[in-house]
1. Considering only 45, 355, 67, whose Cα is most displaced toward the positive end of the charge dipole of the chain, charges sitting on Cβ of Lys, Arg (+1) and Asp, Glu (-1)?
2. Need one number: convex hull volume per residue for segment 405-519, Cα atoms only, in Å³.
3. With each pseudo-label sitting 7 Å past Cα toward Cβ, what's the residue 329-residue 98 distance in nm, one decimal?
4. How large is the accessible surface per residue of the chain, computed with a 1.4 Å probe and reported in Å² as a whole number?
5. Around residue 267, with a cut-off of 11 angstrom between Cβ atoms, what is the net charge of the other residues, counting Lys and Arg +1 and Asp and Glu -1?
6. Rounded to the nearest 5, what % of DSSP beta bridges with both residues in segment 193-314 are antiparallel?
7. In whole Å, how far is the Cα centre of segment 167-235 from that of segment 122-149?
8. If you line up the long axis of helix 463-473 against the longest principal axis of the chain, both from Cα atoms, how many degrees apart are they, to the nearest 10?
Amino acid sequence: MSEPYYITTAISYPNGRPHIGHAYEAIATDAIARFHRMMGRDVFFQTGTDEHGLKMAQTARDRGITPAELAEEMSGYFRDMDDALNISYDRFIRTTEADHHRASQAIWQAMADNGDIYAGRYEGWYSVRDEAFYDEKELVDGEGGQKLSPQGTPVEWTVEESWFFRLSRYQQPLLDHYRDHPDFIRPESRRNEVMRFVEGGLSDLSVSRTSFDWGVKVPGADGHVMYVWVDALTNYLTGAGYPDAGYGRRWPADLHVIGKDIVRFHAVYWPAFLMSARLALPKCVFGHGFLLHRGEKMSKSLGNVVDPMALAEAFGVDQLRYFLLREVSFGQDGSYGEEAIVTRVNADLSNSFGNLAQRILSFIAKNCDGAVPVGGRAEPADQALLDAVAAATREELPAAFADLAPSVGIEAWMRAVFACNQYVDSQAPWALRKTDPERMTAVLATLYRAIGDLAVAIQPVIPASAATLLDMMGIPVAERSYAALADDGRHARLAASGFRLATPTPVFPRLELPAEGGD
């Protein structure tokens with residue numbers, strides 16, 4: 001059995017429809033999951049929706065429907081987005097599901113059995129929008145004296161009976177874990193932020209609510225529902241099968257991919273809960289940056305919130321995936337706009353890789369009767385190109401993806417694409433057709449192999465387009481892994497199989513801005 005790899009997105013809070021930030025997180029996580037599948041790992045990829053909490057209850061009340069009805073409707077939009085963006089999740093979890101309630105109550109009981117849950121009365125600042133408690137020292141002043149959270153959201157003074165978690169007990173164990181596992185929080189800037197926060201002292205955390213009942217019931221405490229983050233974070237355990245036997249096959253998770261605004265919950269509260277419950281900690285929490293619209297943060301008041309489905313429909317799913325993964329350095333903030341998408345996709349996919357494939361495959365279909373070229377009179381330039389492509393597809397791109405740096409891997413891939421285009425220009429197979437057919441065959445064989453390898457390597461980023469090109473080229477599904485790229489005999493086997501290349505159709509037509517001139 002191959003080595004397991006468990007990867008998750010944060011589960012989305014569905015009191016509104018998905019935005020481009022949700023899409024970006026899903027796409028980035030999907031690319032990493034697909035990469036590990038191609039590396040031969042037994043990947044389990046979980047995403048979903050976080051459906052409890054006061055904010056959901058209030059939104060449902062304002063709409064005159066039940067929280068369950070709101071959750072059913074809104075969760076569907078997130079699943080539809082994932083499906084439209086070709087997100088290869090293995091489970092789309094909903095926190096309203098029975099097995100999740102059971103897992104949440106199990107970890108609660110484990111924390112209680114360890115003496116870390118006690119009854120009390122909460123009096124303090126709470127942000128409904130963040131579903132988060134804040135100390136006085138963290139607040140900032142807004143207009144009119146309104147107290148705001150560090151995220152700029154309104155807070156209100158809350159008083160209610162509550163169960164508390166002894167978070168203060170875990171300050172030093174957390175710091176010890178950060179020291180002993182430097183890759184537990186990534187990138188390093190997030191790790192430093194978390195360490196400063198924990199070093200500043202941890203207060204015990206209110207972990208139940210009595211002012212509403214939309215949530216997971218606290219075992220043995222009528223009238224209490226779990227603080228939504230206890231419930232939400234436990235989804236990762238639910239997906240592993242906790243508390244049933246065998247959950248250790250998937251747990252601990254290899255990677256939680258989350259937004260930088262919720263790092264505290266995942267890198268402070270979550271490991272403390274797990275320590276209390278005597279459970280293993282995830283191997284890595286990666287806090288990615290925000291997407292800015294033309295350099296501006298998105299907000300409804302500015303009118304610049306963009307529907308990711310509209311972008312995918314306008315420019316193509318793979319084109320959007322490619323832009324976001326190529327343009328944004330994973331872990332940092334990134335900027336996007338319609339013009340930027342068109343410029344990047346046309347330069348890289350249409351003009352460079354797409355044009356390369358279309359020119360060479362069309363030439364082979366027309367001038368070689370579609371036969372896969374093999375043999376011919378080789379020259380050192382052929383092996384030099386294959387070496388450059390091998391370095392990018394077998395070494396540089398996989399190493400970058402393994403290090404959670406997809407943009408770096410794509411950049412290496414593009415250098416190999418440019419090398420192919422330079423080779424085409426210098427070798428000029430269309431001229432060799434008349435002057436040196438033997439040399440032409442060697443050039444075409446080199447390019448056929450290089451294009452196929454490039455298409456295999458870029459599958460995590462543009463899976464549907466890469467599959468279309470590989471199908472067109474007759475490359476078997478079993479030979480589309482990174483391990484297969486090291487098999488130097490596969491090109492000869494394809495040629496010997498008798499496969500004939502049909503006249504190809506362009507995989508990456510040039511994009512145009514919408515007629516109205518952009519967003």
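The values are calculated or read from the model by the stated rules, or taken from the named source; none is laboratory data. Keep in mind that this is a model prediction, so the values were computed, not measured. Every residue, glycine among them, receives a Cβ derived from its backbone with ideal geometry; neighbour counts consider all protein chains shown. In case anyone asks, the SASA skips ligands and DNA or RNA and just uses the protein heavy atoms, side chains included. Shrake-Rupley method; radii C 1.70, N 1.55, O 1.52, S 1.80 Å.
1. Farthest along the dipole direction, towards plus: 355.
2. Roughly 160 Å³ of hull volume per residue.
3. The two pseudo-label positions are separated by 5.0 nm.
4. Per-residue accessible area for the chain comes out at 40 Å².
5. Local net charge: +4.
6. 50 percent
7. Segment 167-235 and segment 122-149 have Cα centres spaced 18 Å from each other.
8. Helix 463-473 and the main axis of the chain meet at about 20 degrees.
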